[in-house]
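> Please find one structure pasted underneath; my questions will follow.
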Protein chains: 2
Amino acid sequence: MNQEHSGSGDPAKSLELLWRRRPAPTRGPKPAQTVDGIVAVALQVADAEGLAAMSMRRVADELGVGAMTLYRYFPGKGELLDVMLDTVYGELPRRVVPGDWRAALDEVARENRELYLRHPWLLQVAINRPPLGPNVMAKYEWELTAVEGIGLTDLEMDATVALVNGYVHGAVRTAVEARQVIQRSGMTDKEWWLAHVPHLDQIGDLDKFPLSSRVGTAVGNEFDAPYDAEHAFEYGLERLLDGVSVLVGNRTAPEG
Amino acid sequence: MNQEHSGSGDPAKSLELLWRRRPAPTRGPKPAQTVDGIVAVALQVADAEGLAAMSMRRVADELGVGAMTLYRYFPGKGELLDVMLDTVYGELPRRVVPGDWRAALDEVARENRELYLRHPWLLQVAINRPPLGPNVMAKYEWELTAVEGIGLTDLEMDATVALVNGYVHGAVRTAVEARQVIQRSGMTDKEWWLAHVPHLDQIGDLDKFPLSSRVGTAVGNEFDAPYDAEHAFEYGLERLLDGVSVLVGNRTAPEG
DNA sequence: GGTCAACTGCGTACACTGTACGAAGAATAG
DNA sequence: CTATTCTTCGTACAGTGTACGCAGTTGACC
């Protein structure tokens, strides 16, 4: 599936929508819907059935209105997605944990992970040039505080936050895809592998890939439970923070 | 956009297609097309105009045949994507570099990066349960050799390769999206930011986000050239390999 | 109170998508 | 020569986002 991208209309209109600063019109019939009401329904559909199911007609049906009615409240689907994104970002607790930068970055990673797991469709919306709504701004600010005052340059701070966010995105994406592929196919990874081995053996000389066979089998035997995603996440996060720690150590104690 | 997922038909048919083991039929007219010919055209379209442009009708038009003709060669679009994926994986040089595991993992990361940059649509096809074609198998085998014999368990080997691949995927995705958003909007990130600041200032109290303002401005000033993607990639890869190095160090010298 | 501008709701239409179905014709086995 | 198998592909269907324009409602102003 494709990446959904957000609205590209003029900034003023978009920000008005995100910050709910649209001046109420004086004339004409009172609108029967609200931006928040539409967003709530859209979120319900996207959370329960995925972005692919969240068509404009579907959201409109759910509200009992015609499809084109939505376009009185949002210039297009992109802007609706923008507001949805900013809305769910508001669910982040944004806890400031006591301790060092590592504990803080760990918290950032975990909260983002929770959010992605709760709203998997987030994985499919582009994060470049995010809609600058109140919650998007607050999230970025909170993430930067995790790496403030530990000797990094501004550029390194941004790169580090982006690195952690990118990691979480990838890890959750893998986990969510794994969950979905099991549902869609009705097979676990192990069953899938076992269904392919006989044909592969006959067709493609499985002996030519000894490492793959060995490691693939080990992975299949060990990891067929949903806990493997948790495990992989922890493993990767440890590696990543270890890596950041090398950089931070160099900065705080410059003379190695 | 949504993630495209691959064919879910029976393994035998899929593997037959991937390894080109379809028995030639004895009766009936000779097919005018070939699997490879169709894949070549599909790749051309996907590389040049993205997955969204690569519809079945479009590929068929390009070949001068009817759309349904393609379904004589592939059960569905998913299987066509499977063969495309395995085909471009064949472009990997799969160099085995002299030196330690770090040099080898570095090479893995860089070759994958090159591949993603050359075929950005790869970022949009699901990588869970990849089509087990010859090149997919060879790629995995080659990646595992990079971390073989350095004291990691089979599970850690797989996790490490997945970690590096996941990182590259995320980093290139960000870079490619950045490139595309500049093309689509005709604005650099800096121009985009400067177009929003006045409205944000008026609407949303920019002073409430001091770190974001400071770091955002620094990033905007410094990174408006395409080289920032290169920079971010190097930075993240360093951190990641540093993290792996901590683990490998512990394994090879168990008593810390 | 009447008029007009502004506004809401929304039906219809258009150009797309993947692909199921089945008809028409070609090539070969018997 | 016939029957079978195979290829090509037109048509159709249920979707998608959204441009356009019409009908009806509301409030501001004279």
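The values are calculated or read from the model by the stated rules, or taken from the named source; none is laboratory data. None of these values were measured; they are calculated from a predicted model. Every residue, glycine as well, gets a Cβ built from its backbone with ideal geometry; the counts of neighbours run over all protein chains shown. When the accessible area is computed, the model is the full protein with side chains, heavy atoms only, and any ligands, DNA or RNA have been set aside. Shrake-Rupley method; radii C 1.70, N 1.55, O 1.52, S 1.80 Å.
> Based on the mean of other beta carbon atoms within 10 Å per residue, what is the order of A:160-171, B:7-18, most packed first?
Per-residue mean Cβ counts within 10 Å order the peptides as A:160-171, B:7-18.
> Follow-up question, since we're still on this one. Rounded, prolate or oblate for the protein assembly as shown? Axes are the square roots of the Cα gyration tensor eigenvalues, ordered a ≥ b ≥ c, and the cut-off for rounded is a/c under 1.5.
oblate
> When all protein chains stay in place, what accessible area (Å², nearest 10, 1.4 Å probe) is found for B:Ile127?
60 Å²
> Using only the alpha-carbon atoms, how far is helix B:101-118 inclined from the longest principal axis of chain B? Give it as 0 to 90 degrees, nearest 10.
Between the helix axis and the principal axis of chain B, the angle is about 70 degrees.
> Then there is this: Quick one: what are the phi-derived ³J(HN,Hα) couplings along region B:89-97, Karplus 6.51/-1.76/1.60 with θ = phi - 60°, whole Hz, x for glycine and proline?
4, x, 7, 4, x, 6, 5, 9, 8
> What are the distances, in nm and sorted shortest first, from the label point of B:Ala52 to the label points of the same position in each other copy, with each label point placed 7 Å from Cα along the Cα-to-Cβ direction?
For B:Ala52, the inter-copy label distances come out at 1.8 nm.
> On to the next question. Mind telling me which of B:Val39, B:Val88, B:Val215 comes out most flexible in a GNM of chain B, alpha-carbon contacts under 10 Å?
For chain B, modelled as a Gaussian network with Cα springs under 10 Å, the answer is B:Val215.
> Is there a quick way to get the dipole size of region B:101-252? I mean about its Cα centre, with the Cβ of Lys and Arg at +1 and of Asp and Glu at -1; what is the value in debye to the nearest 20?
Magnitude of the dipole: close to 320 debye.
> Right, next: Return a single number: how many Lys pairs in chain B, at a sequence separation of 8 or more or on separate chains, have alpha-carbon atoms below 27 angstrom apart.
6
> What's the extension gain from B:His231 to B:Glu62 if we count 0.36 nm per residue and subtract their Cα-Cα distance?
57.0 nm
> What residue among A:Gln44, A:Gln202, A:Gln33 has the largest mean-square fluctuation in a Gaussian network model of chain A, using Cα springs under 10 Å?
With Cα springs under 10 Å in chain A, the top fluctuation among A:Gln44, A:Gln202, A:Gln33 is at A:Gln202.
> Here's another thing I want to ask about it. Run the numbers on region A:1-169 and let me know its relative contact order in percent, using alpha-carbon pairs under 8 Å that are six or more apart.
29 percent
> Taking a probe of 1.4 angstrom, what is the accessible area of B:Asp158 in Å², to the nearest 10?
Accessible area of B:Asp158: about 40 Å².
> Got the B:Arg21 label distances to the other copies yet, label 7 Å along Cα→Cβ, in nm, shortest first?
Spelled out, the distances from B:Arg21's label point are 6.5 nm.
> Kirkwood Rh over alpha-carbon pairs of chain A, then Stokes-Einstein at 4 °C and 1.567 mPa s: what D in µm² s⁻¹, rounded to an integer?
Translational D for this selection: 60 µm²/s.
> I've got another one for you. Could you derive backbone 3J(HN,Hα) for region B:16-32 from the dihedral phi with the Karplus parameters 6.51, -1.76 and 1.60 (θ = phi - 60°), listing whole Hz in sequence and x where the residue is Gly or Pro?
Per-residue couplings from phi come out as 3, 5, 5, 9, 6, 10, 5, x, 5, x, 8, 9, x, x, 5, x, 8 Hz.
> Mind giving me the FRET efficiency for A:Asn250 and B:Val197? R0 is 22 Å, r the Cβ-Cβ distance, nearest 0.05 is fine.
Calculated value: 0.05.
> Right, next: At 0.890 mPa s and 25 °C, plugging the Kirkwood radius over alpha-carbon pairs of region A:1-152 into Stokes-Einstein gives what diffusion coefficient in µm²/s?
Taking Rh from Cα pairs, D becomes 145 µm²/s.
> To the nearest 500 deg cm²/dmol, what mean residue ellipticity at 222 nm is calculated for chain B from DSSP H runs of n ≥ 4 alone, each contributing -39,500 (n - 2.57), summed and divided by the residues?
When only DSSP H runs of four or more count, the value is -21000 deg cm²/dmol.
> Another question, if that's okay. Return one number: the angle in degrees, 0 to 90 and rounded to the nearest 10, between the long axis of the Cα atoms of helix B:35-49 and the longest principal axis of the Cα atoms of chain B.
Roughly 30 degrees between the two axes.
> Equivalent ellipsoid semi-axes for region B:11-89, as square roots of 5 times the alpha carbon gyration tensor eigenvalues: give them largest first, rounded to whole Å.
The equivalent ellipsoid of region B:11-89 has semi-axes of 21, 16, 10 Å.
> Which whole-Hz couplings ³J(HN,Hα) result when phi for each residue of region A:192-201 is put into the Karplus expression 6.51 cos²θ - 1.76 cosθ + 1.60, θ = phi - 60°, listed in order with x for Gly and Pro?
4, 5, 5, 6, 8, 3, x, 5, 4, 4
> Using the alpha-carbon centroid of each, what span in Å lies between region A:171-242 and region A:81-136?
Region A:171-242 and region A:81-136 have Cα centres separated by 28 Å.
> Any idea which of A:Pro25, A:Gly50, A:Asn135 is furthest toward the positive side of the dipole for region A:21-170, if Lys and Arg beta-carbons carry +1 and Asp and Glu beta-carbons -1?
Toward the positive end, the furthest listed residue is A:Pro25.
> Additional query: Rounded to the nearest 20 Debye, what is the dipole magnitude of the protein assembly as shown about its Cα centre when Lys and Arg each give +1 and Asp and Glu each give -1 at the C-beta?
In total the dipole reaches around 2060 debye.
> If you add up the charges near A:Gly99, with Lys and Arg at +1 and Asp and Glu at -1, over every other residue whose beta carbon is less than 10 angstrom from its beta carbon, what do you get?
-2
> Highest GNM mean-square fluctuation, chain A, Cα pairs closer than 10 Å: which of A:Val41, A:Val172, A:Val246?
A:Val246
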